[in-house]
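What follows is a short report on a single structure.
The values are calculated or read from the model by the stated rules, or taken from the named source; none is laboratory data. Just so you know, these numbers come straight off a predicted model, no measurement behind them. Please note: Cβ atoms are built from the backbone with ideal geometry, for glycine as well, and neighbour counts cover all protein chains shown. All accessible areas refer to the heavy atoms of the entire protein, side chains included, with ligands and DNA or RNA removed. Shrake-Rupley method; radii C 1.70, N 1.55, O 1.52, S 1.80 Å.
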Amino acid sequence: MRKRNPQIHVRIPEEVKAWLENSARENERTMNSEVVFQLKWAIENRKESK
């Protein structure tokens, strides 16, 4: 049986959603994959700036 990742539900402003949709399309990712990518990128870059 495959283990599922935890899920969260988040309310975001329309302009953020539009940006994510555009970014996902440009990067040929699903919306979910784009959100995960952007969050991981932000975490990594925060570590580097400290």
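General observations
- The chain - percent of accessible surface contributed by carbon and sulfur, probe 1.4 Å: 53 percent
- Residue-normalised accessible area of the chain, expressed per residue, 1.4 Å probe, Å²: 105 Å²
- Divided by 2.2 N^0.38 Å, where N counts the residues, the Cα radius of gyration of the chain comes to 1.34.
- Assigned charges on the beta-carbon of Lys, Arg, Asp, Glu; the chain dipole about Cα centre (debye): 460 debye
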